[in-house]
1. Taking segment 15-28 only, how many residues are under 16 Å from residue 78 (Cα atoms) and buried (at least 18 other Cβ atoms within 10 Å of the Cβ)?
2. Do any strands (runs of 3 or more DSSP E) lying entirely in the chain carry at least 3 residues that are free of Cβ contacts under 8 Å to residues at least 24 places away in the same chain and in contact with a strand residue (DSSP E or B) (Cβ under 7 Å, 6 or more places away or on another chain), and which ones are they?
């Protein structure tokens with residue numbers, strides 16, 4: 001599992017993130033505090049407090065996560 005702190009920019013970018021996440025063959029969770037939602041669920045992500053950075057949990061190897069983050073880098077900010 002790879003963990004990255006991410007910031008979503010706006011609703012349109014969240015939709016694009018989810019669309020790309022749905023194409024992956026690995027699980028993605030988005031977590032903040034005690035709440036964790038499916039990173040492939042638009043409704044789940046929108047239910048979170050997105051005014052602060054959230055934790056992205058990527059259940060894949062480093063190369064798969066890096067490739068995915070490259071595809072979505074225009075939709076989110078990644079804080080390492």
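1. Number of matching residues: 4.
2. Working: elements: 2-8, 28-32, 35-38, 54-58, 76-79.
Of the strands (runs of 3 or more DSSP E) lying wholly inside the chain, those with at least 3 residues that are free of Cβ contacts under 8 Å to residues at least 24 places away in the same chain and in contact with a strand residue (DSSP E or B) (Cβ under 7 Å, 6 or more places away or on another chain) span 35-38.
Throughout, read-outs are computed from the coordinates displayed, never taken from laboratory work. None of these values were measured; they are calculated from a predicted model. Virtual Cβ from ideal backbone geometry, glycine too; neighbours counted across all protein chains shown.
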